[in-house]
Amino acid sequence: YTSDAYPNIKRNPNFAQVTAEDVRFFQELLGAPSAVVDGVTSDNAADDIEPFNSDWMRKYRGHTRLVLKPKDKDEISAVLRYCNEKKLAVVPQGGNTGLVGGSVPVFDEIVINTSRMNQIRSFDEASGVLVADAGVILEVADQYLAEREHLFPLDLGAKGSCHLGGNVATNAGGLRLLRYGSLHGSVLGVEAVLADGTVVDALSTLRKNNTGYDLKQLFIGAEGTLGIITGVAVQCPPRPKAVNVAYFGLESYDQVRAAFREAKGQLSEILSAFELMDGRSQRLVHESTGNKYPLEGEYPFYCLVETSGSNGEHDLAKLEAFLEHILGEGIVADGVLAQDETQFQAIWRWREGITEALSHLGGTYKYDVSIPLTDLYQLVDDTRDRLTSLGLVGEDDSYPVRAVVGYGHMGDSNLHLNVAVRQYSKEVEKAIEPWVYEWIAQRNGSISAEHGLGVAKKEFIGYSQNETNLKLMKQLKALYDPNGIMNPYKYI
Ligand code: FAD
Ligand code: 2HG
Ligand code: ZN
């Protein structure tokens, strides 16, 4: 961990510390098994509490001594009302897969974890609207929908652990946003509890509802700073009957752009993903899994193209014409089309497995950015050049940086620049930040495309939001959470 001490953040002395009396209150309210307590009472749960204090990257670490697992909105409401009165700060936590340090405490904030709120409330096969508790795991929701010939409109590498509430709170983007759009569109309703215990019932299941302010939108992407999401209503599309995936090797980034243009033009309504992976990212997956590369040769760039439609023959005819064209024109150097479900899954693993492969190298500095497509990959080359000129990256083991890789959701102009280091180091961090944010702001990009700001990007929000917007955000925060107990020390 680097951020153990958070040198620029001081504990807010207005917040109370958890006492044995508080613990007794919560245990009585929720039942003893719903609280993990470390040292506040006679309980000693140091081992059990550690995973709630540490983030997925093992980069951010808090020191909570109390984790609560309420089972419904009424329990959350009672917990928050008490915390607000006592000025006890809290952190909402779902699957704890967030990548910006937002889901763990900074100091001793109480963790309110949604894992026991895991019921699917209803599903309407005619409209495709799913209503579920915030703690339902994304993959569980998608499996439930698969049995009913529907699909959750979001998919991402952490699907086996992340919760729907966490997905909505981060406004997660994922692998098929290009097809199914953002959660700001597919989430029809949100049920949430404010800091003072007020239950906001904005759990509409209607597609159209123009009756004043769309209050649910504020909770989508707020990262738990305005309230705790307890339930969501989501518009789910029918599960496509025919899904195909192809994987290509390309000689240059310009060719990846050309391939994307062709994919949009030729595959149009059946295109469901267009993902970019650079050669270095694929080498890391190869080294960590030992899997044989999908193509014979190695290339500086790869892309993954997925189609989803309702008629297999029609889709295949389109896909084959597309393959013939981009191979014939020399836009791609080589390519392979998955022939069965096993190959389909194997190809996707080359894309979805990058984050995990990087995690085996030590630490990773992650930059999840939106940049216009023309300049998208230039950021990776410029970062590598900068780190090379500063003597931080090189061929052997003596350099602190092990890899500079780029990959991401090309179809959404969303790049993931990852700098893998042997161990987190202030020297490397200072070489990249704020330089990287200046680079992005100069191109009118966003410093956070889909992961949010959490604590990691807190100091840099000004590169993507102006003073007026920031002032409005602070006013909203003060209105929804006057004591500031909801996820403090993060971006707001
Ligand atoms: P957590 O990590 O627990 O929390 C995330 C934030 O939301 C925190 O600020 C937390 O306080 C808040 N929060 C959690 N639950 C609630 C709630 N009920 N109410 C209010 N606030 C809440 N993200 C993408 O956008 N696209 C990807 O493709 C993608 N891929 C990933 C792949 C891997 C391998 C990993 C580890 C992460 C990936 N992520 C991706 C990042 C992450 O944002 C998502 O995994 C997910 O949306 C987080 O959900 P979670 O339940 O784990 O939330
Ligand atoms: C992805 O697209 C995720 O794989 C994670 O958003 C990206 O680890 C990352 O930087
Ligand atoms: Zn992503």
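Got a number for residues in the range 320-343 being within 16 Å of residue 303 (Cα to Cα), aliphatic (A, V, I, L, M) and not in a loop (DSSP other than H, G, I, E, B)?
Final tally of qualifying residues: 5.
Looking at this structure, is residue 185 at pLDDT 95 or above and over 19 Å from residue 123 (Cα atoms)?
Working: at pLDDT 95 or above: yes; over 19 Å from residue 123 (Cα atoms): no.
No; evaluated as a whole, the condition is false for this residue.
Across the range 107-148, what is the number of residues that are among the hydrophobic types (A, V, I, L, M, F, W, C), in a helix (DSSP H, G or I) and either under 22 Å from the mean Cα position of the chain (by Cα) or crowded, with 19+ Cβ neighbours inside 10 Å (or both)? If you could, list the steps in order and put the result at the bottom.
At the first step, the residues of the range 107-148 found to be among the hydrophobic types (A, V, I, L, M, F, W, C) are 107, 110-112, 117, 120, 123, 126, 129-132, 134, 136-138, 140-141, 145-146.
Now drop any that are not in a helix (DSSP H, G or I), which leaves 138, 140-141, 145-146.
Now drop any that are not either under 22 Å from the mean Cα position of the chain (by Cα) or crowded, with 19+ Cβ neighbours inside 10 Å (or both), which leaves 138, 140-141, 145.
So the count comes out to 4.
If I ask for residues that are away from ligand 3 (no atom under 16 Å from the Cβ) and in contact (Cβ under 8 Å) with a residue 60 or more places away in the chain, which ones from the range 441-453 would you list?
Filtering the range 441-453 down to residues away from ligand 3 (no atom under 16 Å from the Cβ) leaves 441-444.
Hits for the range 441-453 are 443, 444.
Matching residues to (1) within 16 Å of ligand 3 (Cβ to nearest atom); (2) closer than 28 Å to residue 408 by Cβ; (3) of a type in the set (A, V, I, L, M):
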{"position": "164", "(1), (2), (3)": "no, yes, yes"}
{"position": "177", "(1), (2), (3)": "yes, yes, yes"}
{"position": "184", "(1), (2), (3)": "no, yes, no"}
{"position": "231", "(1), (2), (3)": "no, no, no"}
{"position": "234", "(1), (2), (3)": "no, yes, yes"}
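Looking at (1) charged (D, E, K, R); (2) more than 10 Å from ligand 1 (Cβ to nearest atom); (3) touching a residue at least 60 places away in the same chain (Cβ under 8 Å), can you tell me which one residue 176 breaks?
With respect to (1) charged (D, E, K, R); (2) more than 10 Å from ligand 1 (Cβ to nearest atom); (3) touching a residue at least 60 places away in the same chain (Cβ under 8 Å), residue 176 is out only on (2).
Starting from residues that are among the acidic types (Asp, Glu) and in contact with a strand residue (DSSP E or B) (Cβ under 6 Å, 6 or more places away or on another chain), keep the ones in the range 292-323 and report whichever is surrounded by the fewest Cβ atoms within 10 Å (Cβ to Cβ). Give the steps one after another, and end with the answer.
First, the residues of the range 292-323 that are among the acidic types (Asp, Glu): 296, 298, 306, 313, 315, 320.
Okay, now just the ones that are also in contact with a strand residue (DSSP E or B) (Cβ under 6 Å, 6 or more places away or on another chain), so 306, 315.
Numbers: 306: 29, 315: 20.
Within the range 292-323, the match that is surrounded by the fewest Cβ atoms within 10 Å (Cβ to Cβ) is 315.
What residue, among those in the range 420-452 that are small (Gly, Ala, Ser) and within 16 Å of ligand 2 (Cβ to nearest atom), is nearest to residue 356 (Cα to Cα)? Show your work before the answer.
Our first condition is that a residue be small (Gly, Ala, Ser); within the range 420-452, this holds for 420, 425, 431, 441, 445-446, 448-449, 452.
In the following step, the residues that additionally are within 16 Å of ligand 2 (Cβ to nearest atom) were identified as 420, 445-446, 448-449, 452.
Working: 420: 12, 445: 26, 446: 24, 448: 20, 449: 20, 452: 19 Å.
The extreme case among them is 420.
Collect the residues in the range 138-152 that are more than 16 Å from ligand 2 (Cβ to nearest atom) and in contact with a Cys (Cβ under 7 Å, 6 or more places away or on another chain), keeping them in residue-number order. Walk me through how you get there before you give the answer.
Of the range 138-152, the ones more than 16 Å from ligand 2 (Cβ to nearest atom) are 140-152.
If the condition is that a residue be more than 16 Å from ligand 2 (Cβ to nearest atom) and in contact with a Cys (Cβ under 7 Å, 6 or more places away or on another chain), then 145, 150, 151, 152 are the ones that fit.
Return the total of residues in the range 154-211 being assigned to a loop (DSSP other than H, G, I, E, B) and more than 16 Å from ligand 2 (Cβ to nearest atom).
Taking the range 154-211 first, the residues assigned to a loop (DSSP other than H, G, I, E, B) are 154-162, 171-176, 181-182, 194-198, 203-211.
Retained after the next criterion (residues that are more than 16 Å from ligand 2 (Cβ to nearest atom)): 181, 194-198, 203-211.
Qualifying residue count for the region: 15.
What number of residues in the range 268-291 are surrounded by 18 or more Cβ atoms within 10 Å (Cβ to Cβ) and within 19 Å of residue 240 (Cβ to Cβ)?
Going through the range 268-291 one residue at a time, the tally reaches 6.
Take the range 206-232 and flag every residue that is on the phi > 0 side of the Ramachandran plot and of a type in the set (D, E, K, R).
Across the range 206-232, the qualifying residue is only 223.
When you check residue 179 against the structure, is it charged (D, E, K, R) and surrounded by 18 or more Cβ atoms within 10 Å (Cβ to Cβ), yes or no?
For residue 179, the condition - charged (D, E, K, R) and surrounded by 18 or more Cβ atoms within 10 Å (Cβ to Cβ) - is met.
Looking only at the range 344-372, count how many residues are over 30 Å from residue 292 (Cα atoms) and more than 16 Å from ligand 2 (Cβ to nearest atom).
Residues that pass the stated criteria total 1.
Quick check: anything in the range 476-484 closer than 30 Å to residue 87 by Cβ, free of Cβ contacts under 8 Å to residues at least 24 places away in the same chain and in a helix (DSSP H, G or I)?
Applying the first criterion (closer than 30 Å to residue 87 by Cβ) to the range 476-484 yields 476-484.
Applying the additional criterion that residues be free of Cβ contacts under 8 Å to residues at least 24 places away in the same chain yields 478-479.
Then keep just the ones that are in a helix (DSSP H, G or I); that gives 478-479.
Yes, the conditions are met somewhere in the range 476-484.
Pull up the range 354-381, narrow it to residues that are near ligand 1 (Cβ under 10 Å from one of its atoms) and of a type in the set (Asp, Glu), then point me to the one that is farthest from residue 461 (Cα to Cα).
356
When both residues are 6+ apart or on different chains and their Cβ atoms are under 7 Å apart, which pairs have a first residue that lies in the range 421-436 and is farther than 19 Å from residue 398 by Cβ and in contact (Cβ under 8 Å) with a residue 12 or more places away in the chain, and a second that is of a type in the set (Val, Ile, Thr) and part of a helix (DSSP H, G or I)?
Here the result reads 432/383; 436/383, each pair linking the range 421-436 to a residue that is of a type in the set (Val, Ile, Thr) and part of a helix (DSSP H, G or I).
Between a first residue in the range 159-170 that is more than 17 Å from residue 203 (Cα to Cα) and a second residue that is away from ligand 3 (no atom under 16 Å from the Cβ) and assigned to a helix (DSSP H, G or I), which pairs have beta carbons less than 6 Å apart while being 6 or more apart in sequence or on different chains?
Taking only residues 6 or more apart or on different chains, the pairs are 159/139; 160/139.
The values are calculated or read from the model by the stated rules, or taken from the named source; none is laboratory data. This is a predicted model, so every value here is computed, not measured. Backbone-built Cβ (ideal geometry, glycine too); neighbour counts: all protein chains shown.
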